[in-house]
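Colleague: The following block contains the structure, expressed as structure tokens.
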Amino acid sequence: MPKTLTPEQRAFLEENRFAVVGTVNPDGSPHLAVMWYLLDGDEVVVNSAHGRIKDRNPARGPRLSLLVADGYRFVRVDGSARIEHDQKIAHADIRRLAALNYGDERADTQMRTSFGKQHRISYRVPIGRVYSDGF
């Protein structure tokens, strides 16, 4: 499998969509979560509040898969996440994600009323493998 995104795959991932993020539960079963994501250079960034399953699983083993689909086209990225606990960085990441999905005004409101009060964790997944169809 390729380890880089084609220009078409990159353009697809830069559009506003949701990712299905896969991690491994303690019993070995898969855990899937629909999440916001953003493409930041050659990394995919997702962010979660501390204490959720989608936070606990990568802490045990940082391997993640992210699948972004639209009809018959999809891109899957597999890699090992770099876990970022620095609150300044994690809050900046959730602000960027909220702005992409809500717009700036609502993102600012969410930061004041919710996200900014939470312990946030970012997961930066360097593109390790890419699998896609429809491109």
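FYI, it's all coordinate maths here, none of it is from the lab. The structure displayed is predicted, hence computed values, not measured ones. We place every Cβ from the backbone using ideal geometry, glycine too, and count neighbours over all the protein chains shown.
Colleague: Quick one: what pairs do we get from region 106-135, first residue touching a residue at least 60 places away in the same chain (Cβ under 8 Å), second surrounded by 13 or more Cβ atoms within 10 Å (Cβ to Cβ) and of a type in the set (Phe, Trp, Tyr), C-beta under 8 Å, 6+ apart or different chains?
Modeller: From region 106-135, the pairs are SER132/PHE74; ASP133/PHE74; GLY134/PHE74; PHE135/PHE12.
Colleague: Run down ALA81, ALA99, ALA90 and say which single residue is in contact with a helix residue (DSSP H, G or I) (Cβ under 6 Å, 6 or more places away or on another chain) and surrounded by 21 or more Cβ atoms within 10 Å (Cβ to Cβ).
Modeller: ALA81
Colleague: Take the residues in region 111-127 that are more than 30 Å from LYS3 (Cβ to Cβ) and of a type outside the set (Val, Ile, Thr), then tell me which one is surrounded by the most Cβ atoms within 10 Å (Cβ to Cβ). Full working, then the answer.
Modeller: Within region 111-127, the first condition is being more than 30 Å from LYS3 (Cβ to Cβ), and the residues that meet it are 111-119.
Subset that is of a type outside the set (Val, Ile, Thr): 111-112, 114-119.
Working: MET111: 17, ARG112: 10, SER114: 12, PHE115: 20, GLY116: 14, LYS117: 10, GLN118: 15, HIS119: 13.
Filtering first and then ranking leaves PHE115.
Colleague: Could you check region 80-135 and list, in sequence order, the residues that are polar (S, T, N, Q) and closer than 19 Å to THR23 by Cβ?
Modeller: The first filter runs over region 80-135 and keeps only residues polar (S, T, N, Q), leaving 80, 87, 101, 109-110, 113-114, 118, 122, 132.
Those that are polar (S, T, N, Q) and closer than 19 Å to THR23 by Cβ: SER80, SER122.
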